[in-house]
Amino acid sequence: MAGVGGGNDFQWCFSQVKGAIDEDVAEADIISTVEFNYSGELLATGDKGGRVVIFQREQESKNRSLSRGEYNVYSTFQSHEPEFDYLKSLEIEEKINKIRWLPQQNAAHFLLSTNDKTIKLWKISERDKRAEGYNLKDEDGRLRDPFRITSLRVPVLMPMDLMVEASPRRIFANAHTYHINSISVNSDYQTYLSADDLRINLWHLEITDRSFNIVDIKPANMEELTEVITAAECHPHQCNVFVYSSSKGTIRLCDMRAAALCDRHSKFFEEPEDPSSRSFFSEIISSISDVKFSHSGRYMMTRDYLSVKVWDLNMENRPVETYQVHEYLRSKLCSLYENDCIFDKFECCWNGSDSAIMTGSYNNFFRMFDRNTRRDITLEASRENSKPRAMLKPRKVCTGGKRKKDEISVDSLDFNKKILHTAWHPKENVIAVAATNNLYIFQDKMN
């Protein structure tokens, strides 16, 4: 990737937007997770209503070689339903917290989806043929009297309209006391981990009634609790290594070969705090909301409230790169605390070659950082610029003094419009950005 925009490198342009335009957005329609599969041909979203919508990329048309295939709805299904825990008198929301694809092994696709308590393995398969000519059934499905059958016939497969079926193949339940915040498929593609506030469990994809607890930070006395687990991820190549981040801004890397219970970490990543910038909000804004390994496995990226940090796995004492996402909000932390926005959990993602990173902000803005040139750009997911192949104009936020023509004042930012979830195509410059109930797809402008 040449860069994130501007100058001599490519520009981002609008491709598609999915979702209703209504001003009144139903809570159930708010997108809560976005994920490309390993090839990038499928894109899944989960929402607060427990639904999963899968988009498939259309094949490129021969006569329009410059246009790349659009993503259209492939399958929609209800993944989770609201439940009630009668023992604890707690409602369990149907909201999809995370979706993770498994690599494709055959004609079907598999994905894991989770709400606060239950993880499900879904199989998404196509059917375009049906069997006809049964011996014991009529064409309309009624059973025939076996004594009236005088000759046997061989059923045949007849073509039919394509049907995409989603069926739950495994349900992994009753293993988490607290809310699940992460699931991550291991590089052996046989196991995966799930993390809640205080524990991380390791599962085998074939075994639903048993999981291994590999991290447990719950103190004997809950009054001594000082931190919680905020995110966890498996290493992309070493199936024995995983990391988890905490609300104190630290990251622990663990090796499952060292012990069955990974309470003793192998590496501990923490940046020393600058005493001069300490404030009442320091601990809240240092809490890590997302951690992601680079595709190469050499680096990992963490997102806290105001910044994105890139860490080299070989250097624990400080990050190798720090990018300010919206530093102009530092003076607004008091009001962000009062309206609870300071607790928003922004995610981050790498591009396919690990040369650029993307994360969201407020006012439907999202940020990109080019790791090679150290250039950054702010773009906006908006329907106002939603003509096909319309170029995205860089946005600038003005913090004080005289506002220029194209700038927006920090006081007029809309904190209800926030981009928490983004995804980057694993091989191409195609990105998916979730803005409340709309999914925007952008791509680089092809000359």
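We did not get these values from a lab; they are worked out from the coordinates using the rules stated. The shown structure was predicted, so the numbers you read here are calculated from the model rather than taken from an experiment. Neighbour counts are summed over all protein chains in view; Cβ atoms, including those assigned to glycine, are modelled from backbone coordinates with ideal geometry.
For K248, the aspartates and glutamates whose Cα comes closer than 15 Å to its Cα, not counting residues fewer than 8 places off in the same chain, are D197, E224, E227, E270, E271, E273, D274, E283, D290, D304. Shape annotation for the chain: C-alpha extents along the principal axes are 93, 61, 41 Å, from largest to smallest. Backbone N atoms of segment 361-380 closer than 17 Å to the 7 Å Cα→Cβ label point of M391 belong to residues 377-380. Here the spin labels are modelled as points 7 Å beyond Cα on the Cα-Cβ line, and at T399 and L87 they lie 5.1 nm apart.
Computed from point charges on the beta carbon alone (+1 for Lys and Arg, -1 for Asp and Glu), the dipole magnitude for the chain about its Cα centre is near 1300 Debye. The listed peptides 283-294, 369-380, ordered by packing as a protection proxy, come out as 283-294, 369-380 (highest mean of other Cβ atoms within 10 Å first). Here the extension length gained between D138 and E338 equals 65.3 nm, from 0.36 nm per residue of separation less the Cα-Cα distance. The convex hull of the Cα atoms of segment 291-398, projected and averaged over all directions, covers 8.4 nm².
Charged neighbours of F365, selected by a Cβ distance under 11 Å, balance to +3 (K, R count +1; D, E count -1).
For K123, a cut-off of 23 angstrom between C-alpha atoms picks up these lysines, skipping any fewer than 8 places away in its own chain: K48, K95, K98.
Given R0 = 56 Å, the distance between the Cβ atoms of R257 and D22 translates into a calculated FRET efficiency of 0.60. Partnerless cysteines in the chain, where a partner means another cysteine C-beta under 4.7 angstrom, comprise C13, C234, C239, C334, C341, C348, C349, C398. Each helix, a run of at least 4 DSSP H residues, gives -39500 (n - 2.57); summed and divided by the residues of the chain, these come to -500 deg cm²/dmol at 222 nm.
Applying a threshold of 29 Å to the alpha-carbon distances of K218/K267; K18/K396; K332/K387; K332/K405; K332/K445; K18/K120 flags K332/K387; K332/K445 as lying beyond it.
Simple spin-label estimate for L225 and D161 gives 5.1 nm between the two label positions (7 Å along the Cα-to-Cβ direction from each Cα). Under the simplified labelling scheme, the D128-A107 pair shows an inter-label distance of 0.9 nm, with each label point 7 Å from Cα along Cα→Cβ.
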